[in-house]
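These notes concern the structure reproduced below.
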Amino acid sequence: MDTLPHEVIEHIISFLVPNLVEPLREPYEKASKPSPNIRLLTPVATTSSRLAAAVERWTFRHIRINSDELSEFAKLFTPSRRASLTNLTYTIILPSYDEDAAIRAESPEERAANDEAYTRAIHALFNLLSDWEKEDPNLPRRLSLDINHPESPSDRPWPSKYAPWNANSVTDWSTIHEGRYLHSYISLNRPETLPVLQRVTRLNMLRPEERYAYRNTRPTVPVFLAMKLPSIEEFNFSVDDDEKRFPQIRRQNREDIANLLQGLSLPSLKRIDFDFTLRRFRDEAATPPALHEQGATDLLSSTIHNFALSHNLMDLTLTGVFDITLIRPLGSMSTTRWPNLQFFDIHLHINTPAGGWYFVAPSAQAPAYAPPMAPMAPMAYAPPIPMAVNNIIQAIPPAAAEDAQFDHSNLHDEIFSFIQEARYSHLTPVRVFRGTINTTTMVPFVNAYADALTQMPSLKSSMLGCQIEDDTYDGEPGWFTFAYFAPCGNAKKNPSTKVCPNCRRGTTRELVTWLLGWTPSEALMDKFRSLQADTHPEPLIEKDMATYLRDRGMGPEPHREETRPLHGPMALLPPADPDDITTLTTMDDLDPWVAGADDSDYDDEDHESHEHDEEEGEDEVDVNDEAQEWHEATAGHYIHAGDENEGDEAHEANHIGYDGDESEGDNDNENSDDGGSDGESEDGGVELLNFPLNGAL
């Protein structure tokens with residue numbers, strides 16, 4: 001065994017690792033089955049020091065821990081093991097609370113305690129990783145850090161991604177589920193005292209797709225952390241932009257993150273995915289809140305534009321409520337070059353930051369709805385005995401008192417009501433009718449988008465998409481879309497389909513649209529038709545989205561409330577590679593190593609990262625190797641595979657035309673694994689488990 005090459009030993013171990021399924025990028029997926037037991041490899045590790053080193057590289061590659069496990073994690077990761085760690089998923093545990101607190105919103109004191117608990121957990125993690133770097137300056141710079149939304153052991157999440165917005169939905173009234181922290185935003189205190197970490201090259205702070213609500217951090221938290229990670233090449237976050245009851249909090253959150261982004265500089269940054277999550281209005285007769293002063297433009301949109309331009313990005317994905325300054329500089333046409341941008345997606349919500357809408361009712365169909373209802377008055381506090389007998393909340397709240405006022409500081413004194421919160425969130429009454437573009441707001445945005453694409457010479461795919469709640473086109477796509485695809489070099493290797501199996505792009509330029517009955521001007525269409533005509537002289541093919549899906553063997557996606565379509569078509573995703581597997585480990589799995597943890601080092605070659613060569617496509621662009629390997633993850637990293645219904649706003653699954661001409665699917669095992677941060681158990685223990693794309697949980 002001692003004479004075998006390092007690569008052969010790694011290959012042997014790959015056959016002994018339990019047969020896991022395709023990795024997912026989602027860090028919150030829950031498992032219905034226990035994860036494969038890494039203890040099965042313990043006997044192998046005892047037969048040879050070189051086999052032990054190889055087993056540990058598999059075992060310690062992807063680790064998921066809670067913040068209360070950090071001390072055990074630190075003891076287990078001796079210096080000889082730290083180089084094996086490529087992905088760390090960290091969930092911060094907040095203080096517990098009692099049954100009485102479970103039926104009311106958090107008080108200011110409880111919010112402050114959560115802020116401090118979160119702050120200490122972040123500081124503890126950063127201090128530990130900083131100590132590692134000081135002890136061994138030669139640790140490889142390839143650590144992916146996933147920080148989940150925090151949670152308390154006392155939290156009892158609603159067991160569905162659809163909220164209980166009527167009394168008949170709820171059978172257990174001993175808790176208000178996510179209602180306790182629906183309007184709480186956790187702050188990171190003393191961010192300036194965090195140490196700088198050079199080893200981290202990717203930061204993910206994503207939201208749980210399978211939940212309706214979750215504990216939120218302030219949107220500034222991911223940016224504060226990124227300021228301490230100068231080596232990151234990929235920066236992805238999902239932050240809440242959905243505070244409808246207290247709009248001043250939402251406006252302040254947007255302003256704060258915009259101001260912070262203005263001072264953020266990340267020289268190595270190549271890819272960003274910023275998701276400002278807004279839950280869809282179900283009452284489209286309501287007036288959205290204005291997020292900036294009248295006559296001004298949206299500070300967040302213009303700041304993101306400037307931030308993206310100031311970095312040498314290859315991949316840019318943005319989701320949220322934005323205005324035209326997201327893609328067009330103030331007072332000018334978009335003539336700024338984006339020389340290296342290859343993938344550019346915008347998932348736009350249907351309302352504007354100015355308090356308007358990008359979509360209106362179809363002209364031939366006036367909405368037969370009542371005028372918008374007046375805001376619901378807050379309910380006065382009532383003594384707990386009539387309303388909460390034995391900690392059981394009554395389904396029907398008491399009548400609202402006209403003179404009672406509740407704000408963010410005394411929300412804990414209010415009797416919580418799902419029905420009332422639904423009204424604040426514009427989820428009831430259900431009045432959905434906006435299915436045609438508003439030419440005043442949407443047409444200028446599309447024009448600016450077309451202008452921006454003309455300044456992207458390296459572009460491979462791009463999509464402007466807007467999901468709508470409209471059943472006018474029964475059984476057909478329910479989103480507004482402009483999508484452009486450059487030719488893929490690998491498509492020529494499939495003469496029968498002329499489609500690359502990895503990215504689903506073809507041999508010629510394609511323009512795919514779904515315009516909901518709108519006819520653009522010829523001048524606008526000519527901007528799209530001229531894209532890359534000088535570098536790709538093949539004729540441009542124009543298709544509507546339904547035709548495109550059928551050509552790819554998918555057919556039109558049904559538009560049903562139970563399985564609402566995503567921002568973009570699932571058919572635009574590459575197929576999964578069944579050979580792409582990863583090993584994911586929890587602290588419980590590592591028990592066999594705890595007792596025997598020591599500082600013994602193996603040969604240096606045993607701790608070097610082993611990377612498989614990839615076949616380069618005809619359109620290969622020379623970029624940083626490690627970043628490119630992350631970028632070439634298979635579709636399994638991006639498809640939400642929870643229950644049989646897709647998540648409401650799953651944005652990872654929509655990355656169109658991804659990476660086909662750079663690889664034929666022979667992904668690097670180690671670095672494609674870096675994209676997978678995975679399952680979550682509901683109790684204190686955690687499970688790192690991936691799921692097959694058939695959604696069988």
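Look at the range 518-537: where a residue is outside any loop (DSSP other than H, G, I, E, B) and a partner is among the β-branched types (Val, Ile, Thr), sitting 6+ places away or on another chain with Cβ atoms under 9 Å, you get 524/443; 524/446; 527/454; 528/513.
Do we have residue 291 as over 22 Å from the mean Cα position of the chain (by Cα), farther than 27 Å from residue 455 by Cα and aliphatic (A, V, I, L, M) here?
For residue 291, the condition - over 22 Å from the mean Cα position of the chain (by Cα), farther than 27 Å from residue 455 by Cα and aliphatic (A, V, I, L, M) - is met.
Quick one: in the range 312-331, which of the residues that are assigned to a loop (DSSP other than H, G, I, E, B) and modelled with pLDDT of 95 or more is nearest to residue 246 (Cα to Cα)? Restricting to residues being assigned to a loop (DSSP other than H, G, I, E, B) and modelled with pLDDT of 95 or more, the top hit is 321.
Quick test for you: out of 478, 465, 435, pick the one residue that is at pLDDT 90 or above and of a type in the set (Gly, Ala, Ser). Only one candidate qualifies: 465.
The single condition among (1) crowded, with 19+ Cβ neighbours inside 10 Å; (2) in contact with a Phe, Trp or Tyr (Cβ under 7 Å, 6 or more places away or on another chain) that residue 317 does not meet is (2).
Does any residue of the range 189-197 turn out to be crowded, with 21+ Cβ neighbours inside 10 Å and at pLDDT 95 or above? Taking every residue of the range 189-197 in turn, at least one turns out to be crowded, with 21+ Cβ neighbours inside 10 Å and at pLDDT 95 or above. As a summary of the residue check, residue 546 satisfies the conditions (1) part of a loop (DSSP other than H, G, I, E, B); (2) buried (at least 17 other Cβ atoms within 10 Å of the Cβ); (3) at pLDDT below 90 except for the one numbered (1).
The values are calculated or read from the model by the stated rules, or taken from the named source; none is laboratory data. Keep in mind that this is a model prediction, so the values were computed, not measured. Positions of Cβ are backbone-derived with ideal geometry, glycine not excepted, and every protein chain shown enters the neighbour counts.
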